[in-house]
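Right, one structure below, let's go through it.
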Amino acid sequence: MIDAVMRRLHCIDSIRGLAALAVIYAHTVEFGLRAQLGPSPLERDLLGHLTAYLDVGKIAVTLFFAVSGFVVPFSLFKPSRRPVLAFAVSRFFRLYPAYWLSIPCGLLVLFVWAGRDVPNLLVPANMTMLQQFLGVENIIGLYWTLQIELIFYAICVGLFVIGRLDDRTGAVVCALSLIAAAVVLAGLRFHLERKFPVAVPLSLAVMFWGLCLRYHVFEQRAGWGSPSALVTAALILAVPLVSVLAYNRDMGFHESWVKYVITYWLAMALFALLAVKVRIEGRVFVGLGAISYSIYLFGPVVQVVLEHALAGYEPVVPVHVFAAATALVTVGVATLMYRWIERPAIALGRHVVHRFGDRPRLGESAVAVAAAPNRRLAG
């Protein structure tokens, strides 16, 4: 049964892989337009019009958040005597080793090489993955999404402990509360003209939307159709309101409320389509999903290195050639990182969980522990 579930989740791995490549594409296009890459003004003009109304990078990040909601909470339901400890250990070994390796790479390329000052707290704070909560900037800009992931994990653990993680009321109340929080923060941003973190509750709401969709579509749990539809409708209706209030003024990130509405709606539609209707399960795409975390972490570093290598050739290298080269090199680097860092770390995490998290009590056989009932299979 577990194998069947994992086969069904191959399409989710494919979404991860496509989203990781989309992040690279978005960043390389941004650089290409800024540096006026290529001999063809037509290519740049078309991309300029596209990016005025569509944020491919934000679409990709929203897909990542939906995937997290679709997959991560179910790890808490794996057979375990100490499920919260097992979850924390497995998440730690899944996220931190590759993340820690990306820190010196990002520091070298984005700070030292660029001639930027390195504040004393920059590295220690970034090591925690909680740096923005400490008022310290991210060494690599994309780290901000990982901090939202950690918040989501904490909420999931809290719901699991009180028995509400697989409860319709708990999931819907969390999702609607987060949507309401996004609306409130957007209103404050509008009236006070300050950068309140509207994206945090909105992203968390997308995660809970992914959770509801998983229960309804994949798990086919009775009674989850209406909650899933309610959260979907609430998100669809809230996104324009939040976008108009929060992003009607550009506060330094080329913000446009129209672009945000199109981006969120399209991301939700794409995820529903690729998770439910058009399930991509080819080996290449599933493989990209496996290395997507390293693609995400090391893509910005690879891009900056290639930007320096490109110096002097900007007029002759088209934007899409540079994007393809960046993607190919990043996939190569990510493959090595997955093989040498991620996969061994994940295996070590499983060993630690087995060794310390699921040891049978005195007088109890290991078979009894392994056969302990679980409420749902993890994805």
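Calculate, axis by axis, the spread of Cα positions in region 223-276 along the three principal axes, and write the results as whole Å, longest axis first.
43, 21, 12
Averaging sequence separations of C-alpha pairs under 8 Å and six or more residues apart, then dividing by the length of region 60-156, give the relative contact order as a whole percent. All intermediate terms of the calculation are to be shown ahead of the outcome.
Details: 49 pairs, mean separation 22.3, N = 97.
Computed over region 60-156, the figure is 23 percent.
Can you order the peptides 164-173, 72-81, 55-64 by their average number of other Cβ atoms within 10 Å per residue, highest first?
55-64, 72-81, 164-173
Hey, what did region 1-140 get for relative contact order, percent, Cα under 8 Å, at least 6 apart? Provide the component values of the computation, followed by the final result.
Working: 71 pairs, mean separation 24.3, N = 140.
Reported as a whole number, the value is 17 percent.
For a quick check of understanding: with a 1.4 angstrom probe and all protein chains in place, what accessible area in square angstrom does Leu101 have, to the nearest ten?
Leu101 has an accessible surface of roughly 60 Å² with all protein chains in place.
Would you mind telling me the share, in percent, of accessible area of region 148-249 contributed by carbon and sulfur at probe 1.4 angstrom? Mind showing how you got there, number by number?
Working: 2690 of 4060 Å².
That fraction is 66 percent.
Among (1) 19.8, 60; (2) 21.4, 75; (3) 25.6, 95, which is the computed Rg and Dmax of the Cα atoms in Å?
The value matching this structure is (2).
Would you mind calculating the gained length between Leu192 and Asp117 on full extension (0.36 nm times residue separation, minus the Cα-Cα distance), in nm to one decimal? List each step's numbers first, then the result.
Numbers: separation 75, 0.36 × 75 = 27.00 nm, distance 3.17 nm.
Once the chain is fully extended between Leu192 and Asp117, it gains 23.8 nm.
With the dipole of the chain worked out from charges on the C-beta (+1 for Lys and Arg, -1 for Asp and Glu) around the Cα centre, which of Ile59, Gly282, Gly312 lies farthest toward the positive end?
The residue sitting farthest along the positive end of the dipole is Gly282.
Pull out a ≥ b ≥ c, the square roots of the eigenvalues of the alpha-carbon gyration tensor of region 104-178, then state rounded if a/c is under 1.5, prolate if not and a/b is larger than b/c, and oblate in the remaining case.
Prolate, because a/c is 1.5 or more and a/b exceeds b/c.
For the chain, what's the relative contact order in percent, using C-alpha pairs closer than 8 Å and at least 6 residues apart?
Values: 477 pairs, mean separation 137.6, N = 379.
It rounds to 36 percent for the chain.
Would you kindly compute the Cα radius of gyration of region 44-133 and its largest Cα-Cα separation (Dmax), both in Å?
So, for region 44-133, Rg and Dmax equal 18.6, 58 Å respectively.
How big is Rg to Rh over region 202-354, alpha-carbon atoms, Rh as the Kirkwood inverse-mean-distance radius?
With Rh from the inverse mean 1/r over Cα pairs, Rg/Rh is 1.05.
Using mean Cβ contacts within 10 Å as the protection proxy, how do 323-333, 41-51 order, highest first?
Values: 323-333: 18.6, 41-51: 13.2.
Per-residue mean Cβ counts within 10 Å order the peptides as 323-333, 41-51.
Above 21 Å lies some portion of the pair distances; for region 48-205, what is it as a whole percent of all C-alpha pairs? Each step should come with its number before you reach the end.
Values: 7180 of 12403 pairs.
Within region 48-205, distances greater than 21 Å cover 58 percent of Cα pairs.
The values are calculated or read from the model by the stated rules, or taken from the named source; none is laboratory data. Not measured: the values here are computed from a predicted model. Note: ideal-geometry Cβ built from the backbone for every residue, glycine included; neighbour counts use all protein chains shown. Heavy atoms of the whole protein, side chains included, go into the accessibility calculation; ligands, DNA and RNA do not. Shrake-Rupley method; radii C 1.70, N 1.55, O 1.52, S 1.80 Å.
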